[in-house]
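*Asks:* Take this structure, written in structure tokens, and hold onto it; I'll ask about it next.
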Amino acid sequence: MPAFAGAAVFVVAVIIAIIMTVLQSGAAIDTPAASALSEDGKSAGDTSDSPAHMPSGTRAASPADTPASQPTPAKIFVHVVGEVAKPGLVELAPGTRVAEAVTAAGGATPAAVLDAVNLARVTSDGEQIVVPNAEQVAAGIQTSPSAVQSTSEGASQGPSGSLVNLNTADAALLETLPRIGPSLAQRILDWRQANGAFATIDQLMEVSGVGAKTFEGLRERVTV
């Protein structure tokens, strides 16, 4: 009997041990430490992507780190001269064609040779557009592109590679020459009207306001 009682006690102890093991295993599954993975595939306690756990010298990108795109200018300015009704500076929207610039300057005059101008070209800020007449086309006046250039002394030059005829140029074309502004251009026209025509370019020195320095800047740019 004592041996039977001892065996029974042993069996009961084993059963109790099994029950305790099962209960402990169920508790372990329900604890937060053994929780399921989060929706993005990381455990709830995973902080490997947080700034505190990132490698030294790195940080998360912020909106301030994104380079700002360059703003598009709201308007551009183009100088239209020659055979147009209202020569001068016109204000245009970016992407405007030469044809629209000519329209903004009052449209072409009857003497204009529009075939010499690329009306479909897109204008650029600061350029100069020359609308020539037949004489200017024959003289090889360049019409586009003809952005205003600067000399070392800051004086603006007209279309590169062209010669301006002192006897046929209007005020707008004369103003494309170095050191020639509206006032001096008008004095050249007045001299021409009073004297008939320029026989030589040296006669420019007879125009009030054209000194030796100004003349030197014009010598290679004009003809008669």
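*Asks:* Identify all residues within segment 90-108 that are surrounded by fewer than 14 Cβ atoms within 10 Å (Cβ to Cβ) and of a type outside the set (D, E, K, R); write none if there are none.
*Replies:* Result: Ala93, Pro94, Gly95, Gly107.
*Asks:* List pairs: first residue in segment 190-202 and assigned to a helix (DSSP H, G or I), second residue of a type in the set (A, V, I, L, M) and open to solvent by 50 Å² or more (accessible area, probe 1.4 Å) anywhere in the structure, Cβ distance under 9 angstrom, at least six positions apart or on different chains.
*Replies:* Within 9 Å, the pairs are Ile201/Val224.
*Asks:* In segment 86-100, how many are closer than 12 Å to Val117 by Cβ and either assigned to a loop (DSSP other than H, G, I, E, B) or over 19 Å from the mean Cα position of the chain (by Cα) (or both)?
*Replies:* Final tally of qualifying residues: 1.
*Asks:* Still on this model: Do we find a residue being open to solvent by 30 Å² or more (accessible area, probe 1.4 Å) and modelled with pLDDT under 75 anywhere in segment 179-193?
*Replies:* No, segment 179-193 contains no residue that is open to solvent by 30 Å² or more (accessible area, probe 1.4 Å) and modelled with pLDDT under 75.
The values are calculated or read from the model by the stated rules, or taken from the named source; none is laboratory data. Everything numeric in this text was worked out from a predicted model, so none of it was measured. Counting neighbours? That spans all protein chains shown, and the Cβs are built from the backbone with ideal geometry, glycine included. We work out accessible area using only protein heavy atoms, side chains counted, and drop any ligands, DNA or RNA first. Shrake-Rupley method; radii C 1.70, N 1.55, O 1.52, S 1.80 Å.
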